[in-house]
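Trainee: The structure follows.
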Amino acid sequence: MVERNRKTSPLQFAKPSSEKTQPPPSRTWKVLIVDDDVDMVAVTRLVFDSIHFEGMPIEVLPAYSSNQAIEILSNHDDIAMAFIDVVMETDRAGLDLVRYIRDDLNNNEIQLVLRTGQPGYAPEVSVILEYGINDYRLKTDLDSIKLTTALVSALRNYENIRLAKQAARNNAILDEVNRTKSLFFAQMSHDLRTPLNSIMGFCDLLSANFTGVEQQEQLHLIKQSSEHLLAIVNDILDLSKAEAGKVRLNQVPLVLAELLLTSKKLIEPLLSTHVEFRIEGLEHLPPLVMGDPLRIKQILQNLLSNAVKFTTHGSIVLKVGAEQTDRGDWRVNLTLSDTGVGIPPARMSQLFNAYEQVGARIARPQGTGLGLTICKLLVDLMDGDISLTSEPNRGTTFHVHIQLPAVPEGVAFPEQGDVAPNIANLSPDSASSSTLSRRVLVVDDDATNRLVVRKMLEYLNCLVDCAPDGAIALSMVSAHEYDLIFMDCNMPHMDGIECVRRLRQLDSVARVPVIALTGADDTESREACSAAGMNGFLHKPVEMKRLLEIVEKWFGGRGGKDIRS
C-alpha cells in the first residue's frame, strides 16, 4: 500500500517522552489564561500543553484574577493571546481587563478571546467591537477541538499582525538609511568635486592667457590628469549610488542616432591612428524615443573607452538596431566589436563584478575598473541585459539590449543645443557685447571657488561680486541690482536652496536668473533646485566653455522669466 504524500501541518501534538527532563525551548507561544475557576484553567492548560504550532510549544501563563493578569502582562510583552473570563472579582472584571490591555497598555497585537460560563453575561456586539475583542466563546462549548481551533486562529492573527508591524519598522529603518545615504552621497560629491573646480578652472584661465607651446602642453597635462581624477570620482560615486538604489532615470524625448554620433565624436580623438571606428545601422533606429540621455551616453562611453584602450590595431564597430515590442516600447540592440587584446574565458565572469580586475596589465591601464559594473547596473535599470564574447588576441564583442519607452503623441523633437566653444579659442571677445557691464553675483562658501568663477566671469567681461553664504547674498541683492546669480547649494548659515526661496519672494529679484553651482549632480538635487526657483544647474568642476554658454544664454537677448508665475 502506497502512503499518500501529505503536507506538513503547522499544528502538531507533542509525543510523550521517556526522558525525565528536557531543555526549555528557545521560543514559545505565550498564552495567558485568566479565570477564577481553577479547574477551567487546569483543563485548558492540559489541552494546550500537548500542542506545537509552527514548530513551537505553547507556554501557558495562568492568572486567577484580573490583578494577577495585570502583573503577568507587566512582565511579559510578547503574549500572543489571552483567554479571559468575563465574570471574576466583579461582573465586568473581564471587560475591564480588556479595556486595560487595549487602552492603557496600547496593545493591539495580543488576541483576546472572552469566555463565560454564564450566558446572561455575554457581551453585546457593540461591546465586542468597541473593546477590540477578537472572539467570544461559552465555556460549555469549549471542548478540546474548539479550544484548539480558537488557539490556532488567534495565533495566526497574532503572527500576521506582528510580521506586518515588523515589516513597517524595517521599512522605516530602510527609509532612514536611504535618506542618510542620499545626504552622504550629496556631501561626498560636493566635497570631492569642489577642489577639482579650482584646479580645472584655473587651468582654463591659464590656458586662455598663456601662448607658449611648452606652457600649453603642461597645462594640457594638468587638465588631462584632473579630468582623469574626475572620472574616477564619478565612477565611485555612481557605483555607490547605484548599489544603494539611488539612481533614477530621467526619461525625456531624445534622438538616439544623434546621441550615438555625439559619443562617436567624443571618442574619435582617443583612437590610435591604426584603428578605424564606425557605426552601422543608424537608419534602423526610431526617429524619437524616451530615455535618459545622460545614462545611455554613460553606457556608451564606458564601453567605447574600454574598446579604445585595448585596441591598438584594426577596427571598432558599433552595430545598432531596434524593434518595437507588442507593448509599443522599443528594444534597442547595441553590439560593439573590437579587434583588441581580448579577455581570457576564465576571467570574463569577473568583468561585471565591482572591485574585480581582470589582471593588472589588461584591466586597468587607467581608471577604476568600475565602468563595466556601472554599465551593468544602468542596463538593469533600463530592463535590459548585457553580455560579451571574447577571444584572447582576437577581440571582444559586447551585446547590450535596453528597453526604451515610445514617445507619447504630441511630443516634439528636443531642441538642439549650440555647439560648445573650444577653450583654446576663447578670448575676452568670445562673449557677446551683451555681457559688457552685466553684473553677476557668485555665492559660494569656498573662497578658492569664488575666486576661480569670478576670474572666469571677469574674463568674459562681466562685473562680478561675491558672497560667502546665502544670508550675505540676500543683503547684497537688497543693495545692488544683478543680472545673473550663480548659487552654491551646500553652504553653512544659509544654504543656496533656502536663499533662492527667499530671493523669489522679493519682487526686485523675481526675474533674475539663478543658476545652481554645486558639486552634487543627482536627480534629487536638480529637483530641489528647480522647486526652490532656480533657472539652471551647473555642477562642479565648472569649465569656461560651459560658463560661457550660460552667460550667452541669459545675456544674449532672451532674458529671464518670472518663475513665480
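Trainee: Taking THR273 as meeting all but one of (1) touching a residue at least 12 places away in the same chain (Cβ under 8 Å); (2) surrounded by fewer than 14 Cβ atoms within 10 Å (Cβ to Cβ), write down the number of the exception.
Mentor: (1)
Trainee: Tell me the residue from ALA172, ALA242 that is among the small types (Gly, Ala, Ser) and either over 30 Å from PRO405 (Cβ atoms) or assigned to a loop (DSSP other than H, G, I, E, B) (or both), please.
Mentor: The unique qualifying residue is ALA172.
Trainee: Of the conditions (1) touching a residue at least 40 places away in the same chain (Cβ under 8 Å); (2) over 22 Å from ALA208 (Cβ atoms); (3) of a type in the set (S, T, N, Q), THR448 fails just one. Which one is it?
Mentor: For THR448, the exception is condition (2).
Trainee: Got a number for residues in segment 208-239 being outside any helix (DSSP H, G or I) and of a type in the set (Gly, Ala, Ser)?
Mentor: In the first step, residues of segment 208-239 are kept if they are outside any helix (DSSP H, G or I); the result is 210-212.
Checking which are of a type in the set (Gly, Ala, Ser) leaves us with 212.
The number of residues fulfilling the criteria is 1.
Trainee: Among the residues of segment 242-262, write down those that are under 24 Å from SER305 (Cα atoms) and modelled with pLDDT of 90 or more.
Mentor: Initially, segment 242-262 is screened for residues under 24 Å from SER305 (Cα atoms), giving 242-243, 247-250, 254-262.
If the condition is that a residue be under 24 Å from SER305 (Cα atoms) and modelled with pLDDT of 90 or more, then LEU254, VAL255, LEU256, ALA257, GLU258, LEU259, LEU260, LEU261 are the ones that fit.
Trainee: So VAL332 clears everything in (1) closer than 16 Å to THR397 by Cβ; (2) buried (at least 20 other Cβ atoms within 10 Å of the Cβ) except one condition, right? Which one?
Mentor: Checking VAL332 against (1) closer than 16 Å to THR397 by Cβ; (2) buried (at least 20 other Cβ atoms within 10 Å of the Cβ), the one that fails is (1).
One line per residue, one yes/no per condition, for (1) out of contact with any strand residue (DSSP E or B) (no Cβ under 7 Å at 6 or more places or on another chain); (2) surrounded by fewer than 17 Cβ atoms within 10 Å (Cβ to Cβ); (3) in the same structural domain as LYS545 (by the TED database):
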site: PHE210; (1), (2), (3): yes, yes, no
site: GLU214; (1), (2), (3): yes, yes, no
site: HIS220; (1), (2), (3): yes, yes, no
site: ARG278; (1), (2), (3): no, yes, no
site: ASN306; (1), (2), (3): yes, no, no
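Trainee: Assess whether LEU249 counts as being part of a helix (DSSP H, G or I) and either closer than 30 Å to TRP330 by Cα or out of contact with any Ser or Thr (no Cβ under 9 Å at 6 or more places or on another chain) (or both).
Mentor: For LEU249, the condition - part of a helix (DSSP H, G or I) and either closer than 30 Å to TRP330 by Cα or out of contact with any Ser or Thr (no Cβ under 9 Å at 6 or more places or on another chain) (or both) - is not met.
Trainee: So which of ILE232, ILE222, ILE199, ILE161 is among the β-branched types (Val, Ile, Thr), more than 30 Å from MET40 (Cβ to Cβ) and under 30 Å from the mean Cα position of the chain (by Cα)?
Mentor: Within the list ILE232, ILE222, ILE199, ILE161, the selection yields ILE232.
Trainee: Still on this model: Could you pull out the residue among MET200, MET188 that is more than 30 Å from SER50 (Cβ to Cβ), at pLDDT below 90, in a helix (DSSP H, G or I) and in contact with a Leu (Cβ under 7 Å, 6 or more places away or on another chain)?
Mentor: The conditions single out MET188.
Trainee: Got a sec? Which of VAL464, VAL443, VAL477 is crowded, with 17+ Cβ neighbours inside 10 Å, in the same structural domain as ILE515 (by the TED database) and touching a Gly at 6+ places or on another chain (Cβ under 8 Å)?
Mentor: VAL443
Trainee: Under the condition of being surrounded by fewer than 24 Cβ atoms within 10 Å (Cβ to Cβ) and either touching a residue at least 40 places away in the same chain (Cβ under 8 Å) or out of contact with any helix residue (DSSP H, G or I) (no Cβ under 7 Å at 6 or more places or on another chain) (or both), which residue from segment 494-505 is nearest to ASN535 (Cα to Cα)?
Mentor: The extreme case among them is ARG504.
Trainee: Can you name the number of the only condition in (1) more than 24 Å from ASP380 (Cβ to Cβ); (2) surrounded by 14 or more Cβ atoms within 10 Å (Cβ to Cβ) that LEU260 fails?
Mentor: (1)
Trainee: Considering only segment 381-436, state which residues are exposed (fewer than 13 other Cβ atoms within 10 Å of the Cβ), part of a loop (DSSP other than H, G, I, E, B) and either touching a helix residue (DSSP H, G or I) at 6+ places or on another chain (Cβ under 7 Å) or modelled with pLDDT under 50 (or both).
Mentor: Once the filter is applied, which keeps residues that are exposed (fewer than 13 other Cβ atoms within 10 Å of the Cβ), part of a loop (DSSP other than H, G, I, E, B) and either touching a helix residue (DSSP H, G or I) at 6+ places or on another chain (Cβ under 7 Å) or modelled with pLDDT under 50 (or both), segment 381-436 yields GLN416, GLY417, ASP418, VAL419, ALA420, ASN422, SER427, PRO428, ASP429.
Trainee: On to the next question. Looking at SER225, SER198, can you tell me which residue is of a type in the set (Ser, Thr, Tyr), on the phi < 0 side of the Ramachandran plot and touching a helix residue (DSSP H, G or I) at 6+ places or on another chain (Cβ under 8 Å)?
Mentor: That would be SER198, the only listed residue that is of a type in the set (Ser, Thr, Tyr), on the phi < 0 side of the Ramachandran plot and touching a helix residue (DSSP H, G or I) at 6+ places or on another chain (Cβ under 8 Å).
Trainee: Which of (1) crowded, with 16+ Cβ neighbours inside 10 Å; (2) in contact with a Pro (Cβ under 8 Å, 6 or more places away or on another chain); (3) within 17 Å of VAL542 (Cβ to Cβ) does ASP469 not meet, given it meets every other one?
Mentor: It is condition (3) that ASP469 fails.
Trainee: While we're here: So, in segment 238-267, exactly how many residues are touching a Phe, Trp or Tyr at 6+ places or on another chain (Cβ under 8 Å), β-branched (Val, Ile, Thr) and closer than 21 Å to PRO287 by Cβ?
Mentor: Residues of segment 238-267 that are touching a Phe, Trp or Tyr at 6+ places or on another chain (Cβ under 8 Å), as a first pass: 240-241, 244, 246, 253, 255, 264, 267.
From the residues that got through so far, the ones that are β-branched (Val, Ile, Thr) too are 255, 267.
From the residues that got through so far, the ones that are closer than 21 Å to PRO287 by Cβ too are 255.
The qualifying residues number 1.
Trainee: Being in a loop (DSSP other than H, G, I, E, B), modelled with pLDDT of 90 or more and not small (Gly, Ala, Ser) is the filter here; which residues of segment 507-535 pass it?
Mentor: If the condition is that a residue be in a loop (DSSP other than H, G, I, E, B), modelled with pLDDT of 90 or more and not small (Gly, Ala, Ser), then VAL512, PRO513, MET534, ASN535 are the ones that fit.
Trainee: Given LYS265, LYS309, which one is at pLDDT below 90 and under 25 Å from VAL407 (Cβ atoms)?
Mentor: Of LYS265, LYS309, the one residue that is at pLDDT below 90 and under 25 Å from VAL407 (Cβ atoms) is LYS265.
Trainee: Go through segment 470-493 and give me each residue that's closer than 18 Å to ALA528 by Cα and modelled with pLDDT of 90 or more.
Mentor: GLY470, ILE485, PHE486, MET487, ASP488
Trainee: List pairs: first in segment 299-312 and free of Cβ contacts under 8 Å to residues at least 60 places away in the same chain, second of a type in the set (Gly, Ala, Ser), Cβ under 7 Å, 6+ apart or cross-chain?
Mentor: Matching pairs, first to second residue: LEU300/SER263; GLN301/SER263; LEU304/SER263; THR312/SER272.
The values are calculated or read from the model by the stated rules, or taken from the named source; none is laboratory data. The model shown is predicted, which means the values in this text are computed figures rather than measured ones. FYI the Cβ positions are ideal-geometry reconstructions off the backbone, even for glycines, and counts take in every protein chain you see.
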